[in-house]
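One structure is given here, and the rest of the page talks about it.
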Amino acid sequence: MLLPDELAALQAAEARYPRNRLIVIIVTLVLTFVPAAIYLPGAGNLDHLLGKDEQVDAVVESVNTNGSCRKPRRTRYVIEVRWESSFGSGSDTYTQCGNPPTTGSSVQVWVGPSGEVSRNSPTADLIGLTAISLGVAAFTAGIGFVIIITSRRQRQRVLQAGVMTLAAPVAVEVSRGQKSTVLMRHLPPQPHPPGRNTQIGVVLYAQQGSTPTTRTPRNIAGSWWMYLAPPVHKSKRNALLYRGQERCWIDFTPPKR
């Protein structure tokens, strides 16, 4: 069963859930503006997005190669163009991946009051910048909320299972997997198929003389006794791992027989 200090640690973690949710929201909002913060300081970019540019037909003065583009994997070209507009006349360069125009041909470009040339229209760049910003926001919020919601559900299951009578101990071997995953394998006699590793989530770790923590300890690998708790969820199980002066509550999906 859960010890008093373990129960207090889980309840304290539960109390931090609203704060963690607020942190995810704040980080998401900050990162949403990062693409704009990178794009707007560029020369003429703000005027371009505000629609102050003028579309003109420019003459290609030269075409030079400048390395390659990663996506798609094609040659990068630097195209120098000369143009005339209501802002005056001038020349500038832009880069393009593949399919370069020929020298002397005419191309349509957007020219701003500062003389900066853009190949894309203000509308296209605005849509692209908005899409990138929303993509960053969705990715950040998605990852953040998955992490805190998954952790909360694991804690809630342990809080329920921790007041129940646990099963007799079974020998297990815990190891580290790739990307910080933690794996558990049953030792003989095995209630599950031999040699099969099960990924587990560490919900709470406690060691005598130390405050229980929700962080996974570095020295978790090794042999443990597992005390399985009665099921409190249709597809998840909880258990207490015990080793000497160490206790570790875990959450996992049992392997299919």
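Looking at segment 94-110 only, could you name the residues that are open to solvent by less than 70 Å² (accessible area, probe 1.4 Å), closer than 24 Å to Asp47 by Cα and not aliphatic (A, V, I, L, M)?
Tyr94, Gln96, Trp110
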Can you tell me which of (1) loosely packed, with under 13 Cβ neighbours inside 10 Å; (2) part of a strand (DSSP E or B) is the one Ala131 doesn't meet? (2)
Are any residues in segment 208-243 open to solvent by 20 Å² or more (accessible area, probe 1.4 Å), out of contact with any Ser or Thr (no Cβ under 7 Å at 6 or more places or on another chain) and of a type in the set (A, V, I, L, M), and if so, which ones? Leu228, Val232
Note down all Cβ pairs under 8 Å where the first residue falls in segment 39-59 and is assigned to a loop (DSSP other than H, G, I, E, B) and exposed (fewer than 14 other Cβ atoms within 10 Å of the Cβ), the second is modelled with pLDDT of 85 or more and not acidic (Asp, Glu), and they're at least six residues apart or on different chains. Leu40/Leu46; Leu40/Leu49; Leu50/Pro122; Gly51/Pro122
With in contact with an Asp or Glu (Cβ under 9 Å, 6 or more places away or on another chain) and either outside the structural domain of Gly244 (by the TED database) or assigned to a helix (DSSP H, G or I) (or both) as the only criterion, which of Thr103, Thr95, Thr123, Thr140 stands out? Thr103
Residue under evaluation Gly67, criteria (1) surrounded by 13 or more Cβ atoms within 10 Å (Cβ to Cβ); (2) outside any loop (DSSP other than H, G, I, E, B), criterion not met: (1)
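So which residues in segment 72-87 are open to solvent by 30 Å² or more (accessible area, probe 1.4 Å) and not aromatic (Phe, Trp, Tyr), if there are any at all?
First, pick out the residues of segment 72-87 that are open to solvent by 30 Å² or more (accessible area, probe 1.4 Å): 72-78, 80, 82, 84, 86-87.
Scanning segment 72-87 gives Pro72, Arg73, Arg74, Thr75, Arg76, Val78, Glu80, Arg82, Glu84, Ser86.
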Unmet requirement for Thr165, which otherwise passes all of (1) under 17 Å from Asn238 (Cα atoms); (2) at pLDDT 95 or above: (2)
Output the number of residues of segment 168-190 satisfying the condition of being open to solvent by 50 Å² or more (accessible area, probe 1.4 Å) and either modelled with pLDDT of 90 or more or closer than 17 Å to Pro254 by Cβ (or both). 7
Take Val136 and tell me if it is more than 30 Å from Asp251 (Cβ to Cβ) and at pLDDT 90 or above. yes
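The values are calculated or read from the model by the stated rules, or taken from the named source; none is laboratory data. Note that the structure is predicted; figures quoted are calculated from it, not measured. A quick note on method: Cβ atoms are made from the backbone with ideal geometry, for glycine too, and the neighbour counts reach across all protein chains shown. Surface accessibility is based on the protein's heavy atoms, side chains included, excluding ligands, DNA and RNA. Shrake-Rupley method; radii C 1.70, N 1.55, O 1.52, S 1.80 Å.
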